1. So, of the residues in the range 1-13 that are part of a strand (DSSP E or B) and within 14 Å of the chain's Cα centre (by Cα), which turns out to be nearest to residue 111 (Cα to Cα)?
2. Out of the residues in the range 1-15 that are out of contact with any helix residue (DSSP H, G or I) (no Cβ under 7 Å at 6 or more places or on another chain) and surrounded by 13 or more Cβ atoms within 10 Å (Cβ to Cβ), which is farthest from residue 113 (Cα to Cα)?
3. Taking residue 20 as the residue in question, decide whether it is outside the structural domain of residue 97 (by TED's automatic domain parsing) and either crowded, with 17+ Cβ neighbours inside 10 Å or modelled with pLDDT under 95 (or both).
4. Given the criteria assigned by TED's automatic domain parsing to the domain that holds residue 107 and surrounded by 13 or more Cβ atoms within 10 Å (Cβ to Cβ), does residue 55 qualify?
5. Among the listed residues 39, 21, which satisfies the condition of being more than 16 Å from the chain's Cα centre (by Cα) and in a loop (DSSP other than H, G, I, E, B)?
């Protein structure tokens, strides 16, 4: 059908028309894969999931991004309701122990296919 592209910036607005003034339909995230349907000046008409719209060529690169999600601890919630910035053994040791770990996830690019 179309060519594979991925979002190369940290975020990208999918718009109803090929203009910065056009209404944004959705915000795409870095490394989201899209299908390029047609070219319109400095814009591509693209498909993302069930939505079709326009995005600036400047923020899309050819190929399919293969990603992985990397998660890491950023702190803990203690059993007594307090929180700790500690991420390992001893976190919440004076507050009844760890109730749950707070984590952060990051999308990591592994490779680009089909360039």
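1. Restricting to residues being part of a strand (DSSP E or B) and within 14 Å of the chain's Cα centre (by Cα), the top hit is 6.
2. Filtering the range 1-15 for residues that are out of contact with any helix residue (DSSP H, G or I) (no Cβ under 7 Å at 6 or more places or on another chain) and surrounded by 13 or more Cβ atoms within 10 Å (Cβ to Cβ), the one farthest from residue 113 (Cα to Cα) comes out as 15.
3. Criteria not met by residue 20.
4. No: the conditions fail for residue 55.
5. That would be 21, the only listed residue that is more than 16 Å from the chain's Cα centre (by Cα) and in a loop (DSSP other than H, G, I, E, B).
One line per residue, one yes/no per condition, for (1) assigned by TED's automatic domain parsing to the domain that holds residue 47; (2) out of contact with any strand residue (DSSP E or B) (no Cβ under 8 Å at 6 or more places or on another chain); (3) under 30 Å from residue 3 (Cα atoms):
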position: 76; (1), (2), (3): no, no, no
position: 80; (1), (2), (3): no, yes, no
position: 83; (1), (2), (3): no, no, no
position: 90; (1), (2), (3): no, yes, no
position: 95; (1), (2), (3): no, no, no
position: 99; (1), (2), (3): no, no, no
position: 102; (1), (2), (3): no, no, no
position: 107; (1), (2), (3): no, no, yes
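The values are calculated or read from the model by the stated rules, or taken from the named source; none is laboratory data. Treat the numbers as computed from the prediction; the structure is a model and nothing was measured. Using ideal geometry, Cβ is built from the backbone for each residue, glycine included, and neighbour counts are taken over all protein chains shown.
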